[in-house]
Amino acid sequence: MPHKQNRYANRSQVNGIQVAVPFTSGQSASQIAKDLDRLIGERDDIAGEIGNWPKSVQAVARAKGIPFE
């Protein structure tokens with residue numbers, strides 16, 4: 001039986017929490033975390049917008065402890 005490919009195999013640790021990001025996102029969890037840090041440094045009201053972003057970005061934000069929703 002062929003092994004099913006794991007679509008969430010792109011895994012990284014953010015603040016000690018393992019975060020899985022789909023291959024289709026084009027970025028790893030650590031790259032998303034760096035981008036979130038940069039965005040938070042530029043804007044203070046970013047937490048209200050994270051709820052509308054892709055699930056992979058929300059998972060990284062949750063692991064970083066950024067409140068949203």
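The table for this structure:
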| read-out | value |
| --- | --- |
| Vicinal HN-Hα couplings computed from phi for the range 52-68 (Karplus, 6.51 cos²θ - 1.76 cosθ + 1.60; Hz; Gly/Pro x) | 9, 8, x, 4, 5, 5, 5, 5, 5, 4, 4, 5, 7, x, 7, x, 8 |
| Ellipticity estimate at 222 nm from DSSP helix runs (n ≥ 4, -39,500 (n - 2.57)) divided over the chain, nearest 500 | -11000 deg cm²/dmol |
| Relative contact order, percent, the range 15-63 [alpha-carbon distance under 8 Å, six or more residues apart] | 48 |
| Inter-site label distance for N15 and D35 at 7 Å from Cα along Cβ, in nm | 1.9 |
| Degrees separating the helix 29-42 axis from the principal Cα axis of the chain, which is the longest one | 10 |
| Residue-normalised accessible area of the chain, expressed per residue, 1.4 Å probe, Å² | 72 |
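The values are calculated or read from the model by the stated rules, or taken from the named source; none is laboratory data. Just so it is clear, the structure is predicted and the values come from calculations on it, not from any experiment. With ideal geometry, Cβ positions are generated from the backbone for all residues, glycine too; neighbour counts draw on all protein chains shown. Protein only, heavy atoms only, side chains kept; ligands, DNA and RNA dropped before computing areas. Shrake-Rupley method; radii C 1.70, N 1.55, O 1.52, S 1.80 Å.
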